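Okay, so here's the structure we're looking at.
Throughout, read-outs are computed from the coordinates displayed, never taken from laboratory work. Only a predicted model underlies this, so the values are computations on that prediction, with no experimental measurement involved. Please note: Cβ atoms are built from the backbone with ideal geometry, for glycine as well, and neighbour counts cover all protein chains shown.
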Amino acid sequence: MKPLIKYILLCISIILLPPRKVADACGFYIYPGEYRFWLLQPDIVNEPDLTPFYFASSYLYKADLYAGTQPHVEQNINEWYEITGHKASRKDIDSLLNGTPPQVFFEEQKKLGKQNSLMNFLLQPDQTELYEYMQLSKKIEQITAYPDPWDEQNHPKSSVTSVMGELKKLRSATNDPFIKLRTAFQLVRLLNFNARSKEAENIYDTWIAPVKTKSWVKAAALYQIALSYPGPQGDYLLSKVFDMGEYNRTMCLVRFENENADETIKLAKNTHEKNVVRAMKIFNCPGRSLDMIKEIYAAESQYKELPFLLLREINKVEDWLLTNKITEFPTPAVYGDDYWSNYDYLDNAALNYRNDKVYSKELSGFLHAMITSSYKQKALLHLYAAHLDMLNKEYESSSAHLTEADRQKNLPQNVKTQIAINRYLLDLENGFDKMPNPNS
Amino acid sequence: MSCMDSFRSLCLFLLIASFFFSCSKKSSKNITRGYYFWRMNDVTEGEEKFLKQHGIQKLYVHLMDVDWSDSQGAIPIIDNELQLTNSALESYKGSPRELVPVVFITNKTFERIDSFEIPLLATRLVRRCLPAYDALDKDYEERHDLTSYKGAITPKEIQFDCDWTATTKRKYFNFLREVKRLLPYEVQLTVTVRLHQFKHPDKTGVPPVDRGILMVYNISDPKQYGNHNSIFESNKAKAYFNSVKTYPLPLDLVLPAWSWCIVYRNKQFYQIENELTEQDLIHATFLKPTGDHRYSVTRDTVYRDLFLRPGDEIKAEAIDEKDLAEAVTMAKKAINTDSFTISLFELSEKEFQRYSYETIDKVYSSLH
């Protein structure tokens, strides 16, 4: 009876734990390799823009590069909200910027002026520069959506050159830093479309890089420059954008080439930059990464991505140790990935399992060492250690770490929930272990 | 009657007889049977069978639409490849027929385009219509794998469709002259001529092309709320054919054989639905018939990706056999050459199933 009850309860917990998207789905079939078993929820690190890099399920995230949130969209709305002196509502700003196709913007301005507070603001006689900028940005929206409408693959495009001329004119006429920064950014974009990447880089270096701003626009401009460089130089620039944290981090990771990483790291100018490159390499690695995590930790113990990297590593261990034990998939799901395509897991299953257990212990040892250090995010570390200890059947230690995690102040709700779930799972494990065997 | 009188009478008889004889010889017209294929996907087997049954020799194929973009000027909005249509026709082992690429250009394009941009637009469109026109075109065709369909198709005719006006005629005609200049001598350039352009050549001008094709439809604005049939109404069409002057450009004819449904919200135009028929409306439970082919929406409904609200009205417009016969009668008045093409718009199983074989056949044979 005992294994059966255990199995049923675990199944129930699996159904309860995956994200809601799974619960809503019906009638789908998951192929081996598309789904991983995990109980430690990746979203407790609060990096929703990197959702496609959760080590959870390719079915849910990996195939959908847009699954992550895009913080710059919200930031952009806020920046427009500020520039209008709060005279335009956030809803209307969002609607005009993100929900109004350029053709509608050009053809229905009068109507929009009556319906939309941002359009109304732009049509005021003292807002001619901002209005002109909006017109140009809508033109650029058209161009970037359809950069080569006749599919001629030749440069430069006269339409692009013409809009660039208008941007330069506006930039030199205005004193508004908001417009100056944005016109420079749009110029960088258009120069790239016109295959003039060197000129784009000059504009970035002279008009954007020196600007002290918290705007997402700076990261977005550097992202454009990064795209024009193939190989390690491009990856290095992507690592800088990734580190800025405001713009398109998922795509930075997607474009980052792991095989260039050793060359890319040579371009890094300091320890922190090297760690960012290492972190990007780890995000793109489905295999063991503890050694690189240790390198990062040794060089920069408070590196901001460490909690996520550690969590990914625990999720990997969960997949390796549990997927083939408690699901019908014969191998850990990750072996269905291209990364492992030539590897016959089943021939080496027992050995792999033993090695993975050893790795799990090693990871646990590293976490325990971190706990005793000055690392700040103690609640997460205790929770991680508790989770790994549970996987390693060290229930007393797991319980103690959960208690420590729970004692930390100002815990976010998702961390509290994970602690509660782990406590429940631990009680299940402990409870059933203590239950008398009716057959004995 | 004297001998002389008899001779005179005989001469007169012979003269009149020879006149009638020559007239009747002239009235034997050389008619090419055509059809318009406007949909942007493959011809079906049923459609190919229909073309074969009616001996359709020429298929006008919707190649692309060109519209104006405020940032990029004249751009293609949707486009097709002649080779794909040909490949579908060949897959049904259809009889070989001439394919004519048709490019629709919005009048707005000629309202906005600068004169100096016209030669580039002409070159771009000739490239799309003719195979291997220049290096850029060869590269495009290779990238799009167009050479693999038993080789590219070289049309004998290319056609432009634009509702030009007196204001845009100068730029449109310059564009046509430029296209003509770029085309090889043996490729004919034709354009559509709408009824208002046919009636007022003094205002809208006569396009500098080889032939025009008169569209005997689009009688009124479908966006206007009312009981009219915007596709064709003979009493309204008559007004366009009362001129005694012959249109100064050889004309082909295209007659209406299609239907659509028009959605109005608060008596304002909302959307045209080409795929909907009145039969669909009759069977829809969320609609209440209000007469004159009109239906009122009774509840919130999402129907074929259309979000309909109570009070919305849907008007079904179609051309029945009687309308078609009247259009033919009227179209006869526009014929100004002995050799011309008569076409129907548009090729679709949904549309031609509404007409008997005889009706369609009569359209082509009655203009001899």
**Complete:** In deg cm²/dmol, rounded to the nearest 500, the helical mean residue ellipticity at 222 nm of the protein assembly as shown, built from -39500 (n - 2.57) for every DSSP H run of length 4 or more, is -15000 deg cm²/dmol
**Complete:** Note, region B:295-311: 3J(HN,Hα) by Karplus (6.51, -1.76, 1.60, θ = phi - 60°), whole Hz, Gly/Pro = x, goes 9, 10, 6, 9, 8, 4, 8, 9, 10, 6, 6, 10, 8, 9, 10, x, x
**Message:** Neighbour counts of other C-beta atoms within 10 Å: give me B:VAL103, A:VAL163 arranged from fewest to most.
**Reply:** B:VAL103, A:VAL163
**Message:** Explain nothing, just the number: relative contact order of chain B, from Cα pairs under 8 Å at least 6 residues apart, as a whole percent.
**Reply:** 17
**Request:** Count charges around B:PRO76 for me, please; just the other residues with Cβ under 9 Å from its Cβ, Lys/Arg as +1, Asp/Glu as -1.
**Result:** -2
**Complete:** One would report the antiparallel percent of DSSP beta bridges in the protein assembly as shown, rounded to the nearest 5, as 40
**Request:** Quick one: net charge around A:ILE265, please, counting Lys, Arg +1 and Asp, Glu -1 for every other residue with C-beta under 9 Å from its C-beta.
**Result:** +1
**Asked** Using alpha-carbon pairs under 8 Å, 6+ residues apart, how would you state the relative contact order of region B:203-336 in percent?
**Response** 27
**Asked** Counting pairs of alpha carbon atoms under 8 Å apart in space and at least six apart in sequence, what relative contact order in percent does chain A give?
**Response** 14
**Message:** As I understand it, the dipole of chain A uses +1 on the Cβ of Lys and Arg and -1 on the Cβ of Asp and Glu, about the Cα centre. Which of A:THR128, A:ALA385, A:VAL241 lies farthest toward its positive end?
**Reply:** A:THR128
**Between 0 and 90°, nearest 10: helix A:231-244 axis offset from chain A longest Cα axis** = 90
**Message:** Could you sort the peptides A:148-161, B:120-133 by per-residue average Cβ neighbour count (10 Å cutoff), highest mean leading?
**Reply:** B:120-133, A:148-161
**Request:** Starting with the fewest neighbours, write out B:CYS162, A:CYS285 ranked by other beta-carbon atoms found within 10 Å of each beta-carbon.
**Result:** A:CYS285, B:CYS162
**Request:** Compare A:ILE326, A:ILE296, A:ILE265 in a GNM of chain A, Cα atoms joined below 10 Å, and give the one with the largest fluctuation.
**Result:** A:ILE326
**Inverse mean reciprocal Cα-Cα distance (Kirkwood Rh) of region A:273-337, Å** = 12.6
**In region B:182-274, chymotrypsin sites (Phe, Trp or Tyr not before Pro) in a DSSP loop with at most 16 other beta-carbon atoms within 10 Å** = B:TYR185, B:TYR225
**Request:** Would you compute the Debye intensity of region B:253-368 from its alpha-carbon atoms alone, equal scatterers and no solvent, and pass along log10 I(q)/I(0) at q = 0.19 Å⁻¹ to two decimals?
**Result:** -0.95
**Complete:** Taking the dipole of the protein assembly as shown about the Cα centre (Lys, Arg +1; Asp, Glu -1; charges at Cβ), the one of A:PRO101, B:PRO208, B:SER95 that reaches farthest to the positive side is B:PRO208
**Asked** Considering only chain B, what is the antiparallel percent among its DSSP beta bridges, to the nearest 5?
**Response** 40
**Asked** Under the classification rounded if a/c is under 1.5, otherwise prolate if a/b is larger than b/c and oblate if not, where does the protein assembly as shown fall, given a ≥ b ≥ c as square roots of the Cα gyration tensor eigenvalues?
**Response** prolate
**Request:** Largest first and in whole Å, give the semi-axes of chain A's equivalent ellipsoid, each being the square root of 5 times a Cα gyration tensor eigenvalue.
**Result:** 48, 24, 22
**Item:** Prolate/oblate/rounded label for region A:271-415 (Cα gyration tensor, a/c 1.5)
**Value:** oblate
**Ellipsoid equivalent to chain B - semi-axes via the Cα gyration tensor, in Å** = 37, 30, 22
**Item:** Summed side-chain charge close to A:ILE419 - residues other than A:ILE419 whose Cβ falls under 11 Å, Lys, Arg +1, Asp, Glu -1
**Value:** +1
**Request:** Pull out a ≥ b ≥ c, the square roots of the eigenvalues of the alpha-carbon gyration tensor of region B:259-316, then state rounded if a/c is under 1.5, prolate if not and a/b is larger than b/c, and oblate in the remaining case.
**Result:** rounded
**Prompt:** Which order do A:VAL317, B:VAL302 fall in if you start with the one that has the fewest other Cβ atoms within 10 Å?
**Reply:** B:VAL302, A:VAL317
**Request:** Measure nothing fancy, just the Cα-based angle from helix A:306-326's long axis to the longest principal axis of chain A, in degrees from 0 to 90, nearest 10.
**Result:** 50
**Complete:** In whole µm²/s, the translational diffusion coefficient that Stokes-Einstein assigns to region A:172-295, given a Kirkwood hydrodynamic radius over C-alpha pairs, 10 °C and 1.306 mPa s, equals 105
**Request:** Within region A:245-354, report the chymotrypsin sites (Phe, Trp or Tyr not before Pro) that DSSP leaves as loop and that have at most 14 other Cβ atoms within 10 Å.
**Result:** A:TYR343
**Fill in**
Tilt, helix A:395-407 to longest principal axis of chain A (alpha-carbon atoms), in degrees rounded to tens, equals 40
